[in-house]
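Following: one structure in structure tokens, then a few remarks.
The values are calculated or read from the model by the stated rules, or taken from the named source; none is laboratory data. Quick caveat: nothing in here was measured; it's all calculated off a predicted structure. Note that each Cβ is placed from the backbone with ideal geometry, even for glycine, and that neighbours are counted across all protein chains shown.
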Amino acid sequence: MNMKPKTTLIIFGATGDLAKRKLYPSIFNLFKANKLSAEFAVVGLGRRPWTNESLRETVSQSLIQTENEELVAQFCEHFYYLPFDVQEKKSYHELNSLLGELDTKFQIPGNRIFYMAMAPEFFGMIASNLKSEGLTETNGWTRLIIEKPFGHDLPSAQQLNREIREAFSEDEIYRIDHYLGKEMVQNIEVIRFGNAIFEHLWSNRYIENIQITSSETLGVEDRGGYYEKSGALRDMVQNHMLQMVSLLAMDPPLRLTPEEIRSEKIKVLRALRPVPHEKVSDYFVRAQYGPGKVNGKEVPGYRSEKNVDPQSYTETFVAGKLIIDSHRWAGVPFYIRTGKRMRAKSTEVVVQFKDLPMNLYLNQEKKVHPNLLIIHIQPDEGISLILNGKKVGASGGSEPVQLDYCNDCVDSGNTPEAYERLIYDCMLGDATNFAHWDEVDLSWTFIDTISKTWESREIEIHTYETGSMGPKAADELLSQDNNHWWSINEINK
């Protein structure tokens, strides 16, 4: 495998926010780390009448000011801009001739990555035009990177997939889920399959439950219009949360190849117990944040946000209990929760191990603390293990002891941004950390029943206080199984 393939990256939506915030800094980091071939080109496409100079100026401004000016200037020389109308055949012909010129100039053997960093309603049209106007016919390879949302339910995802598959085969389609680019999400495989002390215990014989929390402190900000159509179930659960569940629950793959890893993840999604319409309230809780104070400043509740229906039933918080009907996981609940305007910005996984059948240190006053493995995904990256040790002093007894490994304390300067890693993986043709169509299909199949039930408005929507960890109903979801949510702050009290 060539570790520095000569590539042209074509970005649809080059003037947009995602390109400025994530893509340009990530491509620059690859350039700086010498992971890009010296022969590479980036073509930015957008509706604005920019020139190469305007794009280069934007790229330069998107990088932190402490960067080496000479290096930045050298980097920007590889950027080209083309005003583009996705509905006009003429635009595709102009793009094709520009790509031909750049292939010659930078000696690129026709390798092309088309990156869709724009509104998904145009994906299908762009894909079919790329094919019909000859842009996918090259001597090298062509790949397509697609941002979420990949549809808003199963029928729309199937329709989008059909359109894209007319121009690109499944192995050329890279559906990006930036959670899969995060260091500690990728570390789940290593923690599990690289450590005998965990993999032997990784089943219903030793694990009581697994909890995944992804909380944000921000509200919907100025994205009310988008959020009204999406909601937390589609925005977070269908992709990020179910991807993490599949990584935590998959069986060890035969080999660490993209095909084998995806195959095991797909088996998990197939084994997810469907939630029938009448049982949705037993397994899922939805809620909206109410008004409150953030840093002493009054903030509105969700229904008072800009571009939000004052009668809205769109959820900003979801908690759910997932059951995986497999030999390994029968009887082990996987609890997930995600929401906005919560107490802390954090994503973490907590694996709670079963209590010993007869624990000698159980006294009448207090239960012994369960053993927990906590995988911190963001903002801190690392692992904590909660064990029991002897209480210091003459009285004896046990108390929880926390062992920490902090991943980003070691050398945070070299921790690559998720997008940086995923763009590089696509250049190498490694699809391990991208979502396969079967994963998208199965996750929408699971989610659709829940969203349809909620859209009927038969089930109430709870509210929760800004700065809390969600509504009381989310705690009751676990307490009915004699479980409760763990968080590192609570353990440290």
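Selection over segment 197-226 of residues that are among the small types (Gly, Ala, Ser) and over 18 Å from the mean Cα position of the chain (by Cα) gives a count of 4.
From the list Lys321, Lys345, Lys340, the one residue that fits, being touching a residue at least 40 places away in the same chain (Cβ under 8 Å), surrounded by 18 or more Cβ atoms within 10 Å (Cβ to Cβ) and in contact with a Ser or Thr (Cβ under 7 Å, 6 or more places away or on another chain), is Lys340. Could you check segment 268-296 and list, in sequence order, the residues that are in a strand (DSSP E or B) and farther than 21 Å from Ala319 by Cβ? Answer for segment 268-296, where residues must be in a strand (DSSP E or B) and farther than 21 Å from Ala319 by Cβ: Lys293, Val294. Among the residues of segment 245-267, none qualifies, meaning not one is assigned to a strand (DSSP E or B), in the same structural domain as Arg343 (by TED's automatic domain parsing) and farther than 18 Å from His178 by Cβ.
Residue-wise test of (1) among the acidic types (Asp, Glu); (2) outside the structural domain of Leu269 (by TED's automatic domain parsing); (3) at pLDDT 90 or above; (4) assigned to a helix (DSSP H, G or I).
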| position | (1), (2), (3), (4) |
| --- | --- |
| Cys409 | no, no, no, yes |
| Tyr424 | no, yes, yes, yes |
| Thr432 | no, yes, yes, no |
| Val440 | no, yes, yes, yes |
| Ile447 | no, yes, yes, yes |
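Among the residues of segment 33-55, are any in contact with a helix residue (DSSP H, G or I) (Cβ under 6 Å, 6 or more places away or on another chain) and in a helix (DSSP H, G or I)? No, segment 33-55 contains no residue that is in contact with a helix residue (DSSP H, G or I) (Cβ under 6 Å, 6 or more places away or on another chain) and in a helix (DSSP H, G or I).
No other residue among Ala41, Ala73, Ala33 is within 17 Å of Tyr424 (Cβ to Cβ), over 26 Å from the mean Cα position of the chain (by Cα) and in the same structural domain as Met116 (by TED's automatic domain parsing) apart from Ala41. Residues in segment 166-173 include none that are over 20 Å from Asp438 (Cα atoms) and outside any loop (DSSP other than H, G, I, E, B). Flag: Glu189 matches the condition of being within 24 Å of the chain's Cα centre (by Cα), farther than 24 Å from Ala41 by Cβ and surrounded by 15 or more Cβ atoms within 10 Å (Cβ to Cβ).
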